[in-house]
Amino acid sequence: KEDPSRFFVEIVRRPCIVCTRPRAPSSMTDDALSRAPSELNMVNSPLTGTSDTKSVAQRTELPTKRMIRNAIPAHCFEHSLPSALGLLLRDLAIVATLGTFATVCLRTSNLRLADMLGWVLYSFWQGTAFTGLWVLAHECGHGGFSVSTALNDIIGWTLHSMLLVPYFSWQFSHAKHHAKTNHLVEGETHNPATKADLQRSGLFRLHQVIGDDAFAVQQLILHLVFGWPAYLLFNVTGGRRAHGGKPITSTLDHFRPSSKLFPPSWQRRVLISSAGVLLMLVILVSLGVRFGGLYVFLMYTPSYLVCNGWLVLYTWLQHTSEDIPHYGDEEWTWVKGALSTIDRPYSECFSIFDSMHHHIGSTHVFHHLFSDAPCYKAVEATAHLKSYLAPKGLYNYDGRPIIQAVWDTAKRCHYVEAAKGTQYFKAINHHRGR
């Protein structure tokens, strides 16, 4: 297989999201596993005591991928189709239950206060449930749902199309995110803006006018509301190079088969992905004609936006902190990038979000090291991974409440000095104070 290596772009640059991956041949060396997994073939530190991330950037020797894998029991990498299908049925049952509740209990005309509050609650929880299905489709793209590529692609394409995600297109770009994690030039999603980027966009001036808190609010809105569609339509937050390491000379998007985001061999898959999204839009319009536009809008659109916010939140927070390094061409290695990932507890509401979302945020380090491993065994695997990495100062964990973490990130993580060397996020007020 081929190797998948400004108005809005400048404002939101690098804020957002969020791949069939064959198993590495047993003949690969430890060094090859640590440097080039076959992913593409297809203030005070907020981080609590288990890691000194700057030591990761400064070390010349790190454990190889094989060494890390050997610290985790083999059964954590074994897929179970009944377990996977059980999670899929669970998530579908939750979505169906919430949809039935809204249909039976909530009005779409002559709305009372109780109806309006009910629609707000429905939208949040249905969007949260949508995210569980979204994560399972994401697991299908990685090959983590089951050992069957055909089954993974059927389920993944169906679920992602239902959520207006171009399955194969995003599978490709997300593979790049895993293959080049925290690479300042070729990394995908939440690739940091440089100081020069923000100066050109006028965001330094905007921060000076509106202040820290208001600037953080607009960062939250741009990321959580507009970040996902901006990424799909304009590749905002994507790498600084097109496919094959070529300069970006045109808009990159996830829908056109001719987009330079993809190699020519992916054109058919991009077309199938876009057809899935178009089919879902046709279904929604047809349902609106049959049952009423307002009803279909309330049942789907706000929940869809909540789901988008969740997926951007995960990718943003799992890779963004003042203490997490990002690397230029000369400094980056695959292990450095994979270990520059953060686990967070998502313990709000008795950890219901973490459970509904298949622990994607609390086991993210394991996921980045072994993205084709089953998510339904990631909690156990993370316990072993932490036992191995934490004594070495290589496990990143941030136990802050998520609302506090995302607010601090919006206030403190705005840019890096340049897209080279080893860089750490800085706040705009850091620049102004110098």
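Nothing in this text is a laboratory measurement; each read-out follows from the coordinates by a stated rule. Just so we're clear, the structure is a prediction, and the values are computed from it rather than from any experiment. Every residue, glycine among them, receives a Cβ derived from its backbone with ideal geometry; neighbour counts consider all protein chains shown.
The table for this structure:
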item: Only Lys, Arg (+1) and Asp, Glu (-1) charged, at Cβ; the stretch 262-374 dipole about Cα centre in debye; result: 760
item: Reduced Cα scattering model of the stretch 186-230, Debye log10 I(q)/I(0), q = 0.18, 0.21 Å⁻¹; result: -0.64, -0.84
item: Stokes-Einstein D for the chain, Kirkwood Rh over Cα pairs, 20 °C, 1.002 mPa s (µm²/s); result: 97
item: Total charge dipole magnitude, the chain, about the Cα centre, Cβ charges on Lys, Arg, Asp, Glu only, Debye to nearest 20; result: 740
item: Packing-based order for 376-386, 333-343, using average beta carbon neighbours within 10 Å, highest first; result: 333-343, 376-386
item: Calculated diffusion of the stretch 369-408, Stokes-Einstein form, Kirkwood radius summed over Cα pairs, 25 °C and 0.890 mPa s, µm²/s; result: 205
item: Derived scalar couplings ³J(HN,Hα) [the stretch 165-177; Karplus, 6.51 cos²θ - 1.76 cosθ + 1.60; whole Hz; x for Gly, Pro]; result: 10, x, 4, 5, 4, 6, 4, 5, 5, 6, 4, 5, 4
item: Furthest towards positive pole of dipole, L136, G187, G86, structure part the chain, Cβ charges; result: G187
item: Rg over Rh [alpha-carbon atoms, Kirkwood Rh] for the stretch 76-150; result: 1.17
item: Stokes-Einstein diffusion coefficient of the stretch 329-378, Kirkwood radius over Cα pairs, 25 °C, 0.890 mPa s, in µm²/s; result: 207
item: Calculated FRET value between A74 and L151, using beta carbons and R₀ = 25 Å, to 0.05; result: 0.65
item: From phi via Karplus (6.51, -1.76, 1.60), per-residue ³J(HN,Hα) for the stretch 408-419 in Hz, x at Gly/Pro; result: 4, 5, 5, 8, 10, 10, 10, 7, 10, 5, 7, 8
item: For peptides 217-230, 305-318, 267-280, sequence by mean Cβ density within 10 Å, most packed first; result: 305-318, 217-230, 267-280
item: Helical contribution to [θ] at 222 nm, DSSP H n ≥ 4, -39,500 (n - 2.57), averaged over the chain, rounded to 500; result: -17500 deg cm²/dmol
item: Interchain or long-range residues, amide H under 5 Å from T194's placed H; result: V416
item: The stretch 388-406 versus the stretch 271-311: alpha-carbon centroid distance in Å; result: 36
item: Mean Cβ count within 10 Å, highest first, over the residues of peptides 149-162, 123-136; result: 123-136, 149-162
item: Inter-label distance for L294 and F124, nm, one decimal - labels placed 7 Å from Cα along Cα-to-Cβ; result: 2.4
item: Ratio Rg/Rh [Cα only; Rh per Kirkwood] for the stretch 305-434; result: 0.98
item: Cut-off under 5 Å, modelled amide H: who pairs with D343 long-range; result: V365, N396, Y397, D398
item: Local electrostatic count, I248, Cβ distance below 10 Å [Lys/Arg +1, Asp/Glu -1]; result: +4
item: Alpha carbon Rg of the stretch 115-267, scaled by the compact-globule rule 2.2 N^0.38 Å; result: 1.21
item: For the stretch 398-407, Karplus couplings with θ = phi - 60° (6.51, -1.76, 1.60), whole Hz, Gly/Pro x; result: 10, x, 5, x, 5, 4, 5, 4, 6, 5
item: Dipole magnitude of the stretch 252-324 about its Cα centre (Cβ charges: Lys, Arg +1; Asp, Glu -1), debye to nearest 20; result: 480
